[in-house]
Amino acid sequence: MTADSRIAAVTARIVERSKPTRERYLDRVRAAAAKGPHRAVLSCGNLAHGFAVCSPSEKAALAGDRVANLGIITAYNDMLSAHQPFETYPALIREAAHEAGGVAQVAGGVPAMCDGVTQGQPGMELSLFSRDLIAMAAGVGLSHNMFDAAVYLGVCDKIVPGLVIAALSFGHLPAVFIPAGPMTSGLPNDEKSRIRQLYAEGKVGRKELLEAESKSYHGPGTCTFYGTANSNQMLMEIMGFHMPGASFVNPNTPLRDALTREATKRALAITALGNDFTPAGEMIDERSVVNGVVGLHATGGSTNHTMHLVAMARAAGIVLTWEDISDLSDAIPLLARVYPNGLADVNHFHAAGGLGFLIKQLLKQGLLHDDVRTVYGQGLEAYTIEPKLNSDGTVGRYEAPDVSHDPKVLSTISEPFQANGGLKMLTGNLGKAVIKISAVKPERHVIEAPAVVFHSQHDIQDAFKSGKLDRDFVAVVRFQGPKANGMPELHKLTPPLGVLQDRGHKVALLTDGRMSGASGKVPAAIHLTPEAAEGGPIAKIKDGDMIRIDAVTGTVEVLVDKAEFDTRQPVVADLSENEFGMGRELFAPFRLAAGTADTGASVLF
């Protein structure tokens, strides 16, 4: 058990709050698991279709329910750098499954879009909803009822949360997540950011910008900054879905392939046909979810997970709230400095000791639950390792160091970079929001300035270019929530707001939209709920209203006389431009059904 009373208290209240939904969920999982290997319930015609392309020996094995069949859910496409390496994984997994005496089949593919490509484009309005679509697509693949366990191939922003929701919806099956790893280091992230700001100021052209971006994003693997994709990988490891040490090994290396083979064999070993049955729905519990939140804070991870973790937990009947996340942040020190919270990238983080070192430090202080189930079959202590390749080509694991290999990137529990995780919930007369301050200088943790209201991130860019924003202000960007336009990330705001802040202005952002894991040095109160499209208070703000964003006291307020503010009618925006083009018309049912940001912005829960 965790020794820290604050972690224990938050865990206990999550358990108590979740009892009704968690008990119903576990009843369903156990009822499904009790039916045993499911191919036995298939008719001969069903089964013949299911293994028509298998070899004669595989058909014989699957016909008799003696051999485990592993379902592969893959998010492969060769446009996403992070997912391109998955092209060769099915063959590798089938080979490893055969070596272990099992069978593996690709159960289905799921869509995987690149937020990097769609930033600032109409397609970005599909991004958040793609998470729930991915969960449903994976569900279609697994619904064939042919499988004893599943492995999930996914890395990036909405893909992993969607796959987790699917894995927990099929919680009677063991689930192992197999990553592809980060690309090798390219142009340093701070240099890339500098070029972006110069471009925003008109000091360099598109040619120089594209050259810098291409040197940063240059090969197969995850983008190397610590955004949502790499936060996903951290979560899968600290929550026990990965094999120990798997998260940040580069693609197309012998160690990466060895980890994939090992994960395949482990997935086959933990089915109901063996003696170590580990169904995903039983394995993941309230302690696992709390461990994920702790890891998010300790690494300065993505603000997107204030929605994704909530939705993932709900798939297992666990009710996680923003208050839980914020209270845990107060208890968890920041141990990693990875861009945008520092100059290093995830390769430097891994080389400094990586997740093995970080988990070891957190366990030392009692800040994690060690007594959890994992796909590896042991508690989190087994994850305090560094992976290496043995001479026989298998994975070797060696105890993580007690001293960081690079204290500027990864620090000890006794000398953290800051006392808390820097991810806080804000409340006030505007509703609820979240703010990430791990990369924000302390003197900017409180901003009070007049509002300048926008209904589009492009309008801010135009105002910046025309010189209308050279002053103190809070940019209020509304009608960016799930129901308005699918809640796209607003990264186009980062360069102009950063430039204005560097010029000495008090600048902040207030929005019902998202900024994701790349939230950086500008204070940003994001995910504000209720959103403007539902008539939330943000829809009543006028240009010139004083806004106070206080990350110290945890408040977000409009400083207008209450009586006057209450009499204002919320603005109603024309959102017709968001309804068609680039597939947006297909997602109209999602916009209508979407939940609030603090409940996961999901159409499923």
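Just so it is clear, none of the values below were taken in a lab; they were calculated from the coordinates. These numbers were taken from a predicted model, which means no experiment stands behind them. Ideal geometry is used to build each Cβ from the backbone, glycine not excepted, and the neighbour counts take in all protein chains shown.
Collect residues whose amide H, placed 1.01 Å from N in the peptide plane, falls under 5 Å from the amide H of H172; neighbours closer than 5 in sequence don't count.
Amide H neighbours of H172: G281.
³J(HN,Hα) across segment 191-201 via Karplus (A = 6.51, B = -1.76, C = 1.60, θ = phi - 60°), whole Hz, x for Gly/Pro?
Those phi angles translate into 5, 4, 5, 5, 5, 4, 5, 4, 5, 4, 8 Hz.
What residue among S288, T412, A400 has its Cα farthest toward the positive end of the dipole of the chain, where the charges are +1 on Lys, Arg and -1 on Asp, Glu, each on the Cβ?
Final value for the positive-end residue is S288.
Using the Karplus curve 6.51 cos²θ - 1.76 cosθ + 1.60 with θ = phi - 60°, what ³J(HN,Hα) values do you get for each residue of segment 387-402, in whole Hz, with x for Gly and Pro?
Computed from phi, the couplings for segment 387-402 are x, 9, 8, 6, 5, 8, x, 8, 7, x, 10, 10, 4, 5, x, 8 Hz.
Cβ neighbours within 10 Å, averaged per peptide: list 549-561, 145-157, 120-132 in order, most packed at the top.
145-157, 120-132, 549-561
Pick out, from G377, Y226, G186, the residue whose Cα sits farthest towards the positive end of the charge dipole of the chain, with +1 on the Cβ of Lys and Arg and -1 on the Cβ of Asp and Glu.
Sorting the options by dipole projection puts first G377.
Quick one: helix 228-238 against the long Cα principal axis of the chain, what's the angle to the nearest 10°, folded into 0 to 90?
50 degrees
Only four residue types carry charge here, +1 at the Cβ of Lys and Arg and -1 at the Cβ of Asp and Glu. Report the dipole size of the chain about the Cα centre in Debye, rounded to the nearest 20.
The calculated dipole for the chain is roughly 260 debye.
Please state, to two decimals, what the Cα-based radius of gyration of segment 1-82 comes to when divided by 2.2 N^0.38 Å (N = residues).
1.79
How large is ³J(HN,Hα) for each residue in segment 537-547, as worked out from phi by the Karplus curve 6.51 cos²θ - 1.76 cosθ + 1.60 (θ = phi - 60°), to whole Hz, x for Gly and Pro?
Calculated HN-Hα couplings, in order: x, 4, 6, 9, 5, 10, 3, x, 4, 6, 10 Hz.
Once the Cα atoms of helix 254-269 and of the chain are each reduced to a long axis, what angle between those two axes, in degrees from 0 to 90 to the nearest 10, is obtained?
Around 60 degrees separate the two axes.
Taking the alpha-carbon set of segment 423-599, what are its Rg and Dmax in Å?
So, for segment 423-599, Rg and Dmax equal 15.4, 45 Å respectively.
Hey, if you put +1 on the Cβ of every Lys and Arg and -1 on every Asp and Glu Cβ in segment 1-62, which of T11, H49, A31 ends up farthest toward the positive end of that dipole?
Toward the positive end, the furthest listed residue is T11.
Give the long-range amide H neighbours of L389: residues separated by 5 or more places, or on another chain, with amide H under 5 Å away, using H modelled in the peptide plane at 1.01 Å from N.
Correct list: G396.
If you place +1 on the Cβ of every Lys and Arg and -1 on the Cβ of every Asp and Glu, how big does the dipole about the Cα centre of segment 423-599 come out, in debye to the nearest 20?
Around 480 debye, computed over segment 423-599.
Taking H as built 1.01 Å from N, whose amide H comes closer than 5 Å to the amide H of K432, not counting residues under 5 places away?
Sorted by chain and number, the residues that satisfy this are T529.
Per residue, what volume in Å³ does the Cα convex hull of the chain take up?
Cα convex hull per residue, to the nearest whole number: 147 Å³.
Using only Cα atoms, find the angle between the long axis of helix 305-315 and the longest principal axis of the chain, and express it within 0 to 90 degrees, rounded to the nearest 10.
40 degrees
Which aspartates and glutamates, if any, have their Cα less than 20 Å from the Cα of K468, not counting same-chain residues under 8 positions apart?
By straight Cα distance, K468 reaches E201, E448, D459, D502, D543, D545.
Suppose a student asked you for the relative contact order of the chain, using Cα pairs under 8 Å spaced at least 6 residues apart; what percent would you report?
15 percent
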